[in-house]
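The values are calculated or read from the model by the stated rules, or taken from the named source; none is laboratory data. Nothing here was measured: the structure is a model prediction, and the numbers come from that model. Cβ: placed from backbone, ideal geometry, glycine included. Neighbour counts: every protein chain shown.
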Amino acid sequence: MYPLLLCSLLSWGVIFERLWNYRRLGHTLHAFHLNAMNLLLRNDREALERLCRENKSLPTASLVSIALERLNSKDQRLRQRWQEAMERRRQLVNQELKGSLWVLGTIGSASPFIGLFGTVIGILRSFQEMAKTGSGGFAVVASGISESLIATAAGIIVAVIAVMSYNAFQTRLSRFVLIIKLQAEELVELIESSESSGNGN
């Protein structure tokens, strides 16, 4: 039961951590996107850089930062490949968004087997006690078996909570990945427009 207790505590820790991060991300993504678009429309690069520094933990802020860093570079080759750098950063961001979800997936897969292992150990001990006492019958081992089956039930409960949370967070994660992709494409369009107008001037 101790490994199952540890798995349960880890699961709830990851659940609360992901709930907090995803809820905060949902609120800040939209606000940053609107502010960044307004600054790009006004062609205020300095204010945009400050906005990115203030929200450096935000995925889209890191994407805009890498784009501005490349565009401000003195090397022409780096300036020309800013979109590729932004896309590579977006793929890294997608991986970072997963965070510790792998913990829930692992616990959801392993918990039933941990519970079953505990049940097997409990049954073996019951039969060992029966061999020591020299008495047989179901009544002798019934209490030990019933107690050992609690481990299986606990493992299933822990697994169900972990798997359901994992699937729910994966759905939320897919939504964030799509939102970040669409926002990045809009920002790329505005940056390209700003660059074109700047070159034209």
### Message
Step by step: first the residues of the range 170-192, then only those that are of a type in the set (S, T, N, Q) and either touching a residue at least 12 places away in the same chain (Cβ under 8 Å) or buried (at least 17 other Cβ atoms within 10 Å of the Cβ) (or both), then the one that is farthest from Leu19 (Cα to Cα). Which residue is that?
### Response
Gln183
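Can you report the number of residues in the range 1-45 which are closer than 27 Å to Leu68 by Cβ and in a helix (DSSP H, G or I)?
Summing the residues that are closer than 27 Å to Leu68 by Cβ and in a helix (DSSP H, G or I) in the range 1-45 gives 21.
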### Query
Out of all the residues in the range 27-45, which are over 21 Å from the mean Cα position of the chain (by Cα) and hydrophobic (A, V, I, L, M, F, W, C)?
Ala31, Leu34, Ala36, Met37, Leu39, Leu40, Leu41
## Note on the structure
If we keep only residues of the range 46-92 that are more than 22 Å from the chain's Cα centre (by Cα) and outside any helix (DSSP H, G or I), then the residue nearest to Thr28 (Cα to Cα) is Asn72
## Note on the structure
Arg81 passes all but one of the listed conditions (1) of a type outside the set (Gly, Ala, Ser); (2) surrounded by fewer than 19 Cβ atoms within 10 Å (Cβ to Cβ); (3) out of contact with any Ser or Thr (no Cβ under 7 Å at 6 or more places or on another chain); (4) under 30 Å from Gln170 (Cβ atoms); the exception is number (4)
### Task
Check off (1) crowded, with 17+ Cβ neighbours inside 10 Å; (2) over 15 Å from the mean Cα position of the chain (by Cα); (3) at pLDDT 85 or above; (4) farther than 15 Å from Val14 by Cβ for Phe113 and give me the number that stays unchecked.
(1)
### Task
Would you be able to tell me the number of residues in the range 52-69 that are more than 17 Å from Ser194 (Cβ to Cβ) and of a type in the set (A, V, I, L, M, F, W, C)?
2
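How about the range 144-169: which of its residues are modelled with pLDDT under 85 and surrounded by fewer than 17 Cβ atoms within 10 Å (Cβ to Cβ)?
Ile145, Ser146, Glu147, Leu149, Ile150
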### Message
Checking the condition in contact with a Gly (Cβ under 9 Å, 6 or more places away or on another chain) and hydrophobic (A, V, I, L, M, F, W, C), which residue from Ile66, Ile114 passes?
### Response
Ile114
#### Entry: the range 19-42: number of residues that are in contact (Cβ under 8 Å) with a residue 24 or more places away in the chain and surrounded by 13 or more Cβ atoms within 10 Å (Cβ to Cβ)
11
